[in-house]
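Have a look at the structure below before the remarks.
The values are calculated or read from the model by the stated rules, or taken from the named source; none is laboratory data. Predicted model only: the values in this text are computed from it and were never measured. All Cβ positions, glycine included, derive from the backbone under ideal geometry; neighbour counts span all protein chains shown.
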Amino acid sequence: MKNAVEGDGRYLAPELLKGGPFSAAADVFSLGLCILELAADIIMPMGGEDWQMLRRGEIPVQKTLRKWTGNMHILLVGHEWFLQSLTSFRFVK
């Protein structure tokens, strides 16, 4: 599925923006954004600085409406989890 064209740019993994292949790691990143959207009660941005921050594995905390535990933060951006900008650090077994 290297040439798939479906999807929503709000959930796109950073490596796909650079022309990288579709992979489980890209799916994990997208899933992490879905979890963030639900946990923080936010709508994923279509572009702009918040969108760029998410692609770097940073959560725009000032935009979140709910507080969560440190465990949620670790789940989303901790070592080897969903929103790591490097595919090799995403939890994919």
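Do we find a residue being part of a loop (DSSP other than H, G, I, E, B), modelled with pLDDT under 70 and either of a type in the set (A, V, I, L, M, F, W, C) or exposed (fewer than 11 other Cβ atoms within 10 Å of the Cβ) (or both) anywhere in the stretch 6-22? Within the stretch 6-22 (the criterion being part of a loop (DSSP other than H, G, I, E, B), modelled with pLDDT under 70 and either of a type in the set (A, V, I, L, M, F, W, C) or exposed (fewer than 11 other Cβ atoms within 10 Å of the Cβ) (or both)), the answer is yes, since at least one residue qualifies.
In the stretch 52-66 there is at least one residue matching the filter, namely being out of contact with any Leu (no Cβ under 6 Å at 6 or more places or on another chain), modelled with pLDDT under 70, assigned to a loop (DSSP other than H, G, I, E, B) and not aliphatic (A, V, I, L, M). Taken over the stretch 2-57, the criterion of being aromatic (Phe, Trp, Tyr), touching a residue at least 24 places away in the same chain (Cβ under 8 Å) and more than 12 Å from Phe82 (Cβ to Cβ) is satisfied by Trp51 alone.
Within the stretch 23-51, being part of a loop (DSSP other than H, G, I, E, B), among the hydrophobic types (A, V, I, L, M, F, W, C) and in contact with a Pro (Cβ under 9 Å, 6 or more places away or on another chain) holds for one residue alone: Ile42.
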